[in-house]
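Okay, structure first, notes after.
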Amino acid sequence: MAFSLRGVHVPHRKNTLDLPVVRMDPPGVVTIPMSMHIGAPARPVVQAGDLVYVGTKIGEAEAPVSSPIYSSVSGKVLKVRDFLLAGGGTTSAVVIESDGEMTPDAAICPPTVDSRDSFIAAVRASGIVGLGGAGFPAHVKLNVDPSRIEYLIINGAECEPYVTSDTVTMTDRREDMAVALEALKTHLGIKSIIIGIESNKPKAIQSMKQLMTETAQGCTAQVKVLPPMYPQGGEKVLIYHTTGKVVPAGKLPIDVGCIVLNCTTIAAIGAYLKTGMPLVEKCVTVDGGAVKNPQNVIVPIGTAISDVFTFCGGLTEDPAKVIYGGPMMGITLPDMDGPILKNTNAILALTVKEAKLPKTTACIRCGSCTNTCPFGLAPAEIMKAYDRRDAERLTELSVTACMECGCCSFVCPANRPLVQTNRMAKIFLREEKAKEDAKK
Amino acid sequence: MNTTLKLAVSPHIHSGRSTAGIMRDVLIALLPATAAGTILFGWRALLVVSLCTACCVGFELLFNLITKQDLTVGDLSAAVTGVLLGLNLPANVPLWQCVVGSLFAIIVVKCLFGGIGCNLVNPAITARVFMLVAFGSMATQAFPTMVDAVSGATPLGGSVTDFSLTDLFLGLRGGAIGETCALALLIGFVYLLVRRVITWHVPVTFVGTVYILSFFFEGMDFDHALAMILSGGLLLGAIFMATDYVTSPSTAAGKIIFGLGAGLITVLIRYFGVYPEGVSFAILLMNILTPYIDAWTKHKVFGVGGKKA
């Protein structure tokens with residue numbers, strides 16, 4: 001293979017790696033948005049005053065690409081209100097007052113899975129979406145012609161600094177993962193499973209090696225230990241480093257015979273198949289210099305971030321930034337009222353010092369951006385082309401291939417907003433294309 | 001908690017590398033060569049380097065103030081240009097020429113083209129070439145007589161043996177302040193590699209090309225070829241000036257082409273040109289070709305074009 005994918009060595013800061021995972025007490029109130037996934041929002045099916053239990057459906061998925069939503073606590077629905085999503089856009093959210101009992105819904109029972117269709121229906125009903133952060137409904141990914149699937153790749157790379165929730169899932173939830181893998185093998189005919197983990201997580205590697213040995217019945221199953229280099233967990237990077245396959249720009253993993261699922265997604269599928277309890281809680285890494293007791297916490301979905309911080313001993317100083325996810329690709333939040341979502345893997349409260357970025361100065365053409373871009377893009381050139389809104393040049397520079405990992409901005413000695421400009425350039429090209437299509 | 005949270009798009013952390021940090025590393029890497037020059041050529045050498053540095057920084061500051069731009073002297077790039085220019089001059093150069101050379105490097109070559117990152121050619125190299133041409137025989141006249149024997153006469157063969165390889169390695173020969181002591185320059189090279197300020201590509205291919213071509217021109221004599229790479233301004237140029245980010249290619253492939261080209265031009269000038277030394281011209285010419293080399297050697301984008309996987 002001609003490619004050697006580059007990347008950057010980010011500071012790992014995996015402070016929570018060896019700490020015990022704790023379960024949070026039920027919060028007083030949860031706010032559960034109807035859009036915690038890519039695709040059509042769910043439609044609320046409860047009203048103010050309704051009594052709900054843990055696992056009671058509160059949002060119905062109607063479109064093919066959507067995901068149902070369940071109550072994470074037992075208690076009473078206070079209201080259904082408008083909700084502003086962190087990434088922009090609005091949806092509705094169900095606000096539930098918890099009775100503190102966490103009584104499970106009486107109707108919860110393990111699903112009957114005896115065929116491919118019933119398996120995919122079960123995954124859809126579980127409310128599971130891509131738990132690594134993307135939030136793409138898992139059932140859509142799995143609903144492909146099984147003959148097209150050559151590899152199931154499990155993403156255990158977890159290359160973002162601070163975040164360890166996937167790693168603790170791999171060490172603590174091997175049984176759940178085994179159940180899911182058996183079902184995937186049986187119903188989708190998976191023949192080859194590879195799990196990619198960065199080498200700085202020896203415990204997880206140990207655990208997954210055991211899982212792969214147990215799973216190897218009737219298929220090949222292996223752990224691929226990867227160098228700890230960001231963005232090892234980028235989907236296309238992971239596929240290349242585990243199978244050697246190149247996913248062409250603009251194509252999906254399935255186009256080269258791969259399905260990539262996060263290890264936590266796998267564990268969640270297994271747990272659902274075992275118990276029938278849909279996705280109502282999430283293991284979240286709570287870290288950042290402003291958090292008193294950084295740790296991994298199992299949190300009911302919809303819990304306010306401020307409640308989670310309080311559970312972790314509160315904040316020791318005013319944070320400069322509060323982030324959903326890791327510091328390389330995470331989204332900043334305007335306040336701490338926002339809820340934990342299905343695809344939240346970490347919340348970070350960064351101190352002023354941690355979040356300090358240097359001043360932006362002139363490009364010195366050092367080439368660091370293009371020499372660290374995993375895909376070999378030329379961010380400095382893209383910036384020049386975007387500054388003059390040169391659609392032709394941007395296309396030539398393949399800016400649409402950018403996965404927005406942020407390596408370029410991270411290494412730029414002039415701290416130029418490179419990945420930020422790539423995003424703008426991608427939007428610009430989309431708009432230009434729409435304009436052209438409208439003309440036709 | 002009563003606090004204003006900052007909203008921004010990712011990434012939220014930075015590697016901590018900065019332009020000033022990189023330039024500081026280059027200045028540190030130039031210390032051994034400056035010290036060696038001072039020991040070999042006396043205090044006047046240090047005066048020349050200091051004067052050039054002060055003038056370069058001063059002119060950039062003045063330009064910033066007159067044009068009402070942000071002050072850029074803090075990025076230390078003007079200081080690097082000044083030190084490099086000084087190290088490229090003989091110790092007995094008239095001081096007024098240092099001032100004019102610095103003015104040319106900073107104002108004409110750098111600031112008028114838009115300041116740091118925008119200059120087409122390396123300011124220090126271009127100023128050296130300018131001074132060589134503008135002040136007539138300044139460069140050779142001012143050198144101690146030994147230097148003519150080395151960089152002037154070597155292509156004729158035989159006279160390189162006037163100096164032992166040890167003398168050449170330690171810098172016991174005539175020449176510009178910073179170019180003679182190979183040992184000091186190599187210490188700087190190692191420092192820059194360790195600090196990941198530069199990669200090996202340009203210096204190794206540049207010096208390697210000169211070595212291999214000289215080997216043939218010197219009648220397959222290993223020692224003579226080695227003497228050729230220890231002579232003139234090759235190491236100073238290859239390590240510190242041909243690796244200038246702004247005026248050299250970004251990708252590894254581009255850097256190799258740049259080094260090969262610079263090595264070839266250096267040897268051609270040394271053996272066939274009217275000037276005794278060709279390193280400065282070689283770098284200058286390759287600087288001009290850099291945009292084209294960059295265009296030819298862009299990385300292939302992952303998953304775009306080529307055969308389908």
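Atom-type composition of the exposed protein surface of chain A places 54 percent of the accessible area on carbon and sulfur (1.4 angstrom probe).
Per residue, chain A exposes 39 Å² of solvent-accessible protein surface, assessed with a 1.4 angstrom probe and all protein chains in place. For A:Cys283, the residues 5 or more places off, or on other chains, whose built amide H falls under 5 Å of its own are A:Val299.
Between A:Lys384 and A:Glu214, the contour length at 0.36 nm per residue exceeds the alpha carbon distance by 55.9 nm.
For the protein assembly as shown, the 222 nm mean residue ellipticity estimated from helices alone, with every DSSP H stretch of n ≥ 4 adding -39500 (n - 2.57) and the total spread over all residues, rounds to -12000 deg cm²/dmol.
Could you state the orientation-averaged shadow area of the convex hull built on the Cα atoms of the stretch A:116-275, in nm² to one decimal? Projected area, direction-averaged: 8.4 nm². Using a Gaussian network model of chain B whose springs link C-alpha atoms within less than 10 Å, name the residue from B:Leu65, B:Leu84, B:Leu27 with the highest mean-square fluctuation. Greatest mean-square fluctuation among the candidates belongs to B:Leu65. Normalised by residue number, the volume inside the convex hull of the Cα atoms of chain B is 180 Å³ per residue. Against the main long axis of the alpha-carbon atoms of chain B, helix B:279-296 sits at an angle near 40°. Can you give the longest run of chain B that contains no trypsin sites (Lys or Arg not before Pro) sitting in a DSSP loop with at most 13 other Cβ atoms inside 10 Å? So the longest stretch without any such site is B:69-195. If one computes P(r) from the Cα atoms of the stretch A:35-159, what percent of pairs lie at distances over 25 Å? Distances greater than 25 Å cover 33 percent of the Cα pairs. Who wins for biggest fluctuation among A:Ile205, A:Ile301, A:Ile364 in a Gaussian network model of chain A, springs between alpha carbons below 10 Å? Maximum fluctuation in the GNM of chain A, among the listed residues, is at A:Ile364. Its residue count N sets the reference 2.2 N^0.38 Å, and the alpha-carbon radius of gyration of the protein assembly as shown equals 1.16 times that reference. Comparing B:Gly74, B:Gly16, B:Gly237 in a Gaussian network model of chain B (Cα springs below 10 Å), the most mobile by mean-square fluctuation is B:Gly16.
Amide H to amide H distances under 5 Å link A:Leu226 with A:Ile197, A:Glu198, A:Ser199, where only residues 5 or more positions off or on other chains count and H is placed in the peptide plane.
Within the full protein context, the accessible area of A:Thr310 is estimated at about 100 Å² for a probe radius of 1.4 Å. Among residues other than B:Trp296 with Cβ under 15 Å from its Cβ, the summed charge is 0 (Lys and Arg +1, Asp and Glu -1). Its alpha carbons give the stretch A:368-439 an Rg and a Dmax of 12.1, 42 Å. P(r) for the stretch B:1-112, from all Cα pairs and a bin width of 10 Å, is 14, 36, 26, 13, 7, 4, 1 %, short bins first. Applying Stokes-Einstein at 20 °C and 1.002 mPa s to the Kirkwood radius of chain A, computed over alpha-carbon pairs, gives a translational diffusion coefficient of 95 µm² s⁻¹. Diagonalising the gyration tensor over the Cα atoms of the stretch A:318-366 and scaling each eigenvalue by 5 before taking the square root yields semi-axes of 26, 14, 8 Å, largest first. Taking all protein chains as shown and a probe of 1.4 angstrom, A:His139 keeps an accessible surface of around 10 Å².
Among the listed pairs A:Lys201/A:Lys342; A:Lys185/A:Lys245; A:Lys353/B:Lys300, those whose Cα-Cα separation exceeds 31 Å are A:Lys353/B:Lys300.
A straight chain from A:Lys439 to A:Lys356 at 0.36 nm per residue would run longer than the Cα-Cα distance by 25.3 nm.
The values are calculated or read from the model by the stated rules, or taken from the named source; none is laboratory data. Note that this is a predicted model, so its numbers are computed, not measured. Positions of Cβ are backbone-derived with ideal geometry, glycine not excepted, and every protein chain shown enters the neighbour counts. All accessible areas refer to the heavy atoms of the entire protein, side chains included, with ligands and DNA or RNA removed. Shrake-Rupley method; radii C 1.70, N 1.55, O 1.52, S 1.80 Å.
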